[in-house]
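Read through the structure below, which is laid out as structure tokens, and then see the notes.
The values are calculated or read from the model by the stated rules, or taken from the named source; none is laboratory data. Here the structure is a predicted model, which means the values were calculated and not measured. In this analysis, Cβ positions are derived from the backbone assuming ideal geometry, glycine residues included, and neighbour counts consider all displayed protein chains. Just so you know, the surface numbers come from the protein's heavy atoms only, side chains and all, with ligands and any DNA or RNA stripped out. Shrake-Rupley method; radii C 1.70, N 1.55, O 1.52, S 1.80 Å.
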Amino acid sequence: MEGQFGEHETFLADILTKREELRSAFEAHKQTLLDERQRRAQTLMDAAERILSGLGARSERLQTPDELNAFYAGDPLILKLRELVVRLRDLHDNVRADDLEARLKAARDAAVRSLRDRRDLFEDGGNVIRLGPRHRFSVNTQPLDLTLLPRGDELTLHLTGTDFYQPLHDPTLDTLRAFWPVTLDSESPDLYRGEYLASQVWAAAKAGAEGWTLAGLRDLLSDPEALEQKVREFAAPRYREGYQKGIHDHDAALILRALVPVVTEAGPLLSPPRARALAVLAWANAPDKREGWAARFRSAYGVQKLFGDAGVLERAVRETGAELAELLRGLGLEVSGEEGEQAAGYLGEELKDPSPLPAAGPLPLVEGQTAQNALSLGEREGGAERRKGDWHSSEGEGSLPFTFTQTSHHLNQALNERLSAAGMQPEFDAGLAALHTPAERWTWLQGWFRALTAQPDWAAFARFVPEAATLRLFGPELPHTIKDLDLTLTVSGLLGDHPRIMGGTLTLGADEALARWEAHRTRFVPAFHEYQTKRQEVMTAERERLRLGEFRARPLTSFVRNRLINDVYLPLIGDNLAKQMGTAGEGQRSDRMGLLMLISPPATAKPR
């Protein structure tokens, strides 16, 4: 175009501009192609580096020259490495290709020399080296590396195969002291690894994930072998969690067989006892909020049932939990946000089925309960046998019944018996009557129940103290259900080891087990991963500071063990080391001289 229209000054500027645009476009495209080629070459080089880094360890396992030659001739990774060399040459990166070929040849030569040395000098599978005809020495085959170990009350840096221990003080690691002895995120002092596997299966069944459903899990309970096989298949890809085949999958299947039926029947009782107690306290003291809470939860459960969306229910639990926590703090109780959400979860379980609510007015018991009313609970509930599922309401049928455990009822009966036997009912009445707020009464009653559960016969039920106090405080006036279900169960025949397992038997409660599982998943596992990340950062920094790479043996590729070294030098070295550090076996010397190490400085020019 410039040749055709160059004489026309009108078009000259446009032609020059177009030329520059085309040149810039071609240069940009050329640079893009170069960048892409370099990225591909770097990717191929990184893959080759990974293959080369593992050749030494793999060739060390070979015992004969034929095995070594076959390895370097036909191993798939070696063939892949040669293919990468060809692809680098196709990308015109001949320097890197030549470097890979040289390193592969050097690795093979080193493997040949190492194999010859192992055959000529080493015995007992490489654990003993022979220096000369008379002396044999033990060999430390551990690779030099840095580890971080708890020692006493502090963390120490330790070099493997040595006596080097150096205390390490790091503020972040010190705050994570509880995780120092932990090696797996699937087990903690409070949770057995088989329990964690059972919790993973239960979570998958609730979510309908990985081929599990609640209905399918319940069907498998009648076929122990099929359940164990499916749990084993579920655990197989989770190798990072450290499950042992035939042990933890077996134990997890036993735990599920014992726990799932109780969990299915427990319903709202799966919430922690304190959470249920706090929910009842809040309900009794917030009559103006009951309709709003009921509408919120019934709507959330309706959305979940119709559309399968659990997000609305989660928001309802969070919002109601915040309201409950604020309300209970206003009553003078110390309640965390997590406890508020747990109480809201229980309240939602009770409210999800449509039923008439109690009258909007406050419960008479909240403001004017007498000690005699509180004591009459034992007389009402202990005087006659109740059928399973019976509930009692001072406001008649149609009111919302709260669910209490049989254990809390038994604790109240036991306290009544102790008070009657000791003749302390008047004193108990006077103490309760002197208190004016629900929070004071509830706290006061918990003190009595804690004293009861401090006795050996009732120690196992200490976690039900808040619920027992709530039942005694509000039971005479509040509609409630005493559910005849034992939440405590025993799993026998376990094969794993853990502090919670005694003689192959694990005792756990359905409510506390689910609470522990959730706490482990939401708190323990993230904190442990934080500890591992910080630990790895510290280890990397310490390795660089100690420059461990400079202390690893790297024989020269040009070194050859000839007859002079083999027949003259090595026997002399063996005689010397035998005197200084002793030999392996029963014939070692007792009059050792100690190891003398001479470090020669680098050669320097001598003054004349």
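Quick one: pull the percentage of alpha-carbon pairs in the stretch 236-330 with a separation above 24 Å.
47 percent
Can you work out the Karplus-derived ³J(HN,Hα) for every residue in the stretch 219-225? Use 6.51 cos²θ - 1.76 cosθ + 1.60 with θ = phi - 60°, whole Hz, and x for glycine or proline.
Coupling constants for the stretch 219-225: 5, 6, 4, 7, 10, x, 5 Hz.
Rounded to the nearest 0.05, what FRET efficiency do residue 485 and residue 127 give with R0 = 45 Å and r taken as the Cβ-Cβ distance? Could you check?
Taking R0 as 45 Å, the efficiency between residue 485 and residue 127 is 0.15.
Quick one: accessible surface of residue 575, probe radius 1.4 Å, all protein chains present, in square angstrom to the nearest 10.
40 Å²
Can you tell me the dipole magnitude for the chain around its Cα centre, using point charges on the Cβ only (Lys, Arg +1; Asp, Glu -1), in Debye to the nearest 20?
Rounded to the nearest 20 debye, it is 2860 debye.
Using each residue's phi in the stretch 28-37, evaluate 6.51 cos²θ - 1.76 cosθ + 1.60 at θ = phi - 60° and report the 3J(HN,Hα) Karplus result to the nearest Hz, with x for Gly and Pro.
Calculated HN-Hα couplings, in order: 5, 5, 4, 5, 4, 5, 5, 4, 5, 5 Hz.
With point charges of +1 on the Cβ of Lys and Arg and -1 on the Cβ of Asp and Glu, referenced to the Cα centre of the chain, which listed residue (173, 501, 281) lies farthest in the positive direction of the dipole?
Of 173, 501, 281, it is 173.
Given a Förster radius of 30 Å and the C-beta distance between residue 214 and residue 295 as r, what FRET efficiency does 1/(1 + (r/R0)^6) yield to the nearest 0.05? Write down the numbers at each step before the final one.
Values: r = 27 Å, r/R0 = 0.91.
According to the calculation, E is roughly 0.65.
What order do 18, 206 take when sorted by accessible area (1.4 Å probe), most exposed first? Don't skip to the end; give the middle numbers.
Working: 18 105, 206 135 Å².
Sorted by accessible area, descending: 206, 18.
By how many degrees, 0 to 90 and rounded to 10, does the Cα axis of helix 406-422 deviate from the longest principal axis of the chain?
60 degrees
Can you pull the one-decimal nm distance between simple spin-label points at residue 265 and residue 18, each 7 Å off the Cα toward Cβ?
9.0 nm
Once amide H atoms are placed 1.01 Å from N in the peptide plane, what residues at a sequence separation of 5 or more from residue 404, or on another chain, have their amide H within under 5 Å of its amide H?
481, 482, 483
First measure r as the distance between the Cβ atoms of residue 229 and residue 353, then evaluate 1/(1 + (r/R0)^6) with R0 = 51 Å and state the FRET efficiency to the nearest 0.05.
Rounded to the nearest 0.05, the efficiency is 0.85.
Between the stretch 143-165 and the stretch 60-86, what's the alpha-carbon centroid distance in Å?
36 Å
Using the per-residue mean of other Cβ atoms lying within 10 Å as a proxy for protection, in what order, highest first, do the peptides 260-270, 534-544, 160-170 fall?
On the way: 260-270: 18.1, 534-544: 13.9, 160-170: 11.6.
The densest-packed peptide leads the list: 260-270, 534-544, 160-170.
Mind ranking 213, 405 by accessible surface for me, highest first, 1.4 Å probe? Walk me through the numbers on the way to the answer.
Numbers: 213 70, 405 0 Å².
Ranked list, largest accessible area first: 213, 405.
Using the charge dipole of the chain (Lys, Arg: +1 at Cβ; Asp, Glu: -1 at Cβ; taken about the Cα centre), state which of 244, 26, 332 has its Cα farthest towards the positive end.
The one lying farthest along the dipole's positive direction is 26.
Between the helical axis of 525-546 and the dominant principal axis of the chain, each derived from Cα atoms, what acute angle in degrees is found, rounded to the nearest 10?
Roughly 30 degrees between the two axes.
How much length is gained on full extension from residue 31 to residue 575, taking 0.36 nm per residue of separation minus their Cα-Cα distance?
Stretched fully, the residue 31-residue 575 segment lengthens by 189.3 nm.
Please list, in chain and number order, the residues 5+ apart from residue 155 or on another chain whose amide H is under 5 Å from its amide H, with Hs placed from the backbone.
168
Near the amide H of residue 475, under 5 Å away, which other amide H atoms are found, from residues 5 or more places off or on another chain, if H is placed in the peptide plane?
The list, which skips near neighbours in sequence, is empty: none.
Starting from the stretch 519-574, pick out the chymotrypsin sites (Phe, Trp or Tyr not before Pro) whose DSSP state is loop and whose Cβ has at most 12 other Cβ atoms within 10 Å.
Filter output for the stretch 519-574: 559.
Note the full-extension length gain between residue 421 and residue 548 as 0.36 nm times their separation in residues minus their Cα-Cα distance, in nm to one decimal.
Extending this stretch completely gives an extra 38.3 nm.
Explain nothing, just compute: Karplus ³J(HN,Hα) = 6.51 cos²θ - 1.76 cosθ + 1.60, θ = phi - 60°, for every residue of the stretch 43-59 in order, whole Hz, x for Gly and Pro.
4, 5, 5, 4, 5, 5, 4, 5, 5, 5, 5, x, 5, x, 5, 6, 6
Quick one, which of (1) 1.50; (2) 1.28; (3) 1.43 is the actual Cα Rg over 2.2 N^0.38 Å calculated for this model?
Recomputing Cα Rg over 2.2 N^0.38 Å here picks out (1).
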